[in-house]
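The values are calculated or read from the model by the stated rules, or taken from the named source; none is laboratory data. Quick caveat: nothing in here was measured; it's all calculated off a predicted structure. Glycine gets a Cβ as well: all are built from the backbone with ideal geometry, and neighbour counts include every protein chain shown. The accessibility values were calculated without ligands, DNA or RNA, using every heavy atom of the protein model including side chains. Shrake-Rupley method; radii C 1.70, N 1.55, O 1.52, S 1.80 Å.
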Amino acid sequence: MSGVKVDPDLLRGFAGIAEGSGAAVGSCGLSEAFARVAACLPGSETAFYASAAADAVREPIRALASCYATASAATRTAAGVYEATDDELAADLSKIEVGPE
């Protein structure tokens, strides 16, 4: 045995934090904010750079939010696997018959 102790509830808690972080990143509105700045100053150099920034951050924000979602799902799955393994082991151990004492 490796000596590692796993708390499935703690893993699920972390998964919830990762899920919330992904949602926050995905809905941060940074790209939209740059686009609004560009719309306010049409034809200006600021509008050009703000529009370029809106395009530049859109995909990285989506990708980061997706990474958080993937980490959350994987962590929830791991919690379930650890819990199922513990339950199966407990069930198997309960089948062991102990001889007369």
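For this structure, a couple of remarks:
- Checked against (1) assigned to a helix (DSSP H, G or I); (2) surrounded by fewer than 15 Cβ atoms within 10 Å (Cβ to Cβ); (3) in contact with a helix residue (DSSP H, G or I) (Cβ under 8 Å, 6 or more places away or on another chain), ALA50 passes all but condition (2).
- Close Cβ contacts (under 8 Å, 6 or more residues apart or on different chains) running from residues in the stretch 46-67 that are under 9 Å from VAL25 (Cβ atoms) to residues that are assigned to a helix (DSSP H, G or I) and open to solvent by 70 Å² or more (accessible area, probe 1.4 Å) comprise ILE61/LEU30.
- In the stretch 1-47, the residue that is modelled with the lowest pLDDT out of those that are open to solvent by less than 60 Å² (accessible area, probe 1.4 Å) and among the β-branched types (Val, Ile, Thr) is VAL6.
- ALA15 meets the conditions (1) out of contact with any helix residue (DSSP H, G or I) (no Cβ under 6 Å at 6 or more places or on another chain); (2) outside any loop (DSSP other than H, G, I, E, B); (3) of a type in the set (Gly, Ala, Ser) in every case but one. The failed one is (1).
- Search result, residues across the stretch 53-101 that are at pLDDT below 95 and among the acidic types (Asp, Glu): GLU83, ASP86, ASP87, GLU88, ASP92, GLU97, GLU101
- Options ALA74, ALA63, ALA69, ALA91; residue that is over 15 Å from GLU19 (Cα atoms) and part of a helix (DSSP H, G or I): ALA91
- Residue match in the stretch 56-66 (condition: exposed (fewer than 13 other Cβ atoms within 10 Å of the Cβ), over 28 Å from ARG36 (Cα atoms) and not basic (Lys, Arg)): no
- Contacts under 7 angstrom Cβ, first residue in the stretch 8-33 being more than 29 Å from ALA54 (Cα to Cα), partner surrounded by fewer than 17 Cβ atoms within 10 Å (Cβ to Cβ) and among the aromatic types (Phe, Trp, Tyr), 6 or more apart: PRO8/TYR82
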